[in-house]
Structure formats: C-alpha cells, structure tokens
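Visitor: The structure that follows is given in the form of structure tokens.
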Amino acid sequence: MKCFVKHDATQCGYCTPGFVVATRAFLNTKPKATLEDIRKGLGGNICRCGTYDGVAHAALECAKGGK
Ligand code: FES
C-alpha cells in the first residue's frame, strides 16, 4: 500500500481496494513482472479517475520489493 501512496495511485479511492488486491494476486503469480506485464495483468480493473499510470508504477515498485 505504501507504493500506492508514493505513486499517487489513489484519487477518489473507489477502485483502490480492488487494485491493491489485484496487484498482490498478480504479483504472486508473476513476481518479476515488467511494466507492460502489469498493465496487461491489471487491465480488468477500472478506475474512473484515471490513476492507471500511478497504479502501474506502484505495482512495478512492489514487484521490485516495495511494500
Ligand atoms: S481513484 Fe477514483 S475510481 Fe480509481
């Protein structure tokens, strides 16, 4: 979750729990995911505020050992 805050990956926050859980589940199956992998892997989650870039970079940092 710290990565999500650091990368400003939350705005209204409606989608955030889903992205956090989806990110953890995705990285459990692909721990060395690239940014492209992450974008595809989380592609089913929708964010009306458009935080996709922040979410992708937060997930990438998590994949590199961030929390
Ligand atoms: S932060 Fe608002 S829907 Fe994603």
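Any read-out appearing in this document is the output of simple, stated calculations on the displayed coordinates, not a laboratory observation. Bear in mind that the values here come from a model prediction, so they are computed numbers and not experimental data. We place every Cβ from the backbone using ideal geometry, glycine too, and count neighbours over all the protein chains shown.
Visitor: Counting only C-alpha contacts under 8 Å and six or more residues apart, can you give the relative contact order of the range 2-63 as a whole percent? The partial results should precede the final answer.
Guide: Numbers: 59 pairs, mean separation 34.7, N = 62.
Once divided by the residue count of the range 2-63, the mean separation gives 56 percent.
Visitor: Relative to the compact globular guide of 2.2 N^0.38 Å, what is the alpha carbon radius of gyration of the chain, as a ratio? Please report the intermediate quantities before stating the final value.
Guide: Values: Rg = 10.3 Å, N = 67, 2.2 N^0.38 = 10.9 Å.
Its radius of gyration relative to the 2.2 N^0.38 Å reference: 0.95.
Visitor: Show which aspartates and glutamates lie in cross-link reach of LYS30 when reach means a straight Cα distance below 17 angstrom and same-chain residues fewer than eight apart are skipped.
Guide: GLU61
Visitor: Place the peptides 51-59, 3-11 in order of packing, highest mean first, counting for every residue the other Cβ atoms within 10 Å and averaging per peptide. Intermediate results must be reported in sequence, preceding the final value.
Guide: Details: 51-59: 21.4, 3-11: 18.1.
Final packing ranking: 51-59, 3-11.
Visitor: With the crude spin-label approximation of a point 7 Å out along Cα→Cβ, what separation in nm comes out for VAL5 versus ILE46?
Guide: Taking the simple label geometry, VAL5 and ILE46 are separated by 3.0 nm.
Visitor: Further question: What is the extension gain from ASP53 to ALA25, computed as 0.36 nm multiplied by their sequence separation minus the C-alpha to C-alpha distance, in nm to one decimal?
Guide: Numbers: separation 28, 0.36 × 28 = 10.08 nm, distance 1.86 nm.
Extending this stretch completely gives an extra 8.2 nm.
Visitor: Counting each DSSP H run of 4 or more residues in the chain as -39500 (n - 2.57), what helix-only mean residue ellipticity at 222 nm follows after dividing by all residues, to the nearest 500 deg cm²/dmol? Intermediate results must be reported in sequence, preceding the final value.
Guide: Numbers: 4 runs with 38 residues, N = 67.
Estimated from H runs of four or more residues: -16500 deg cm²/dmol.
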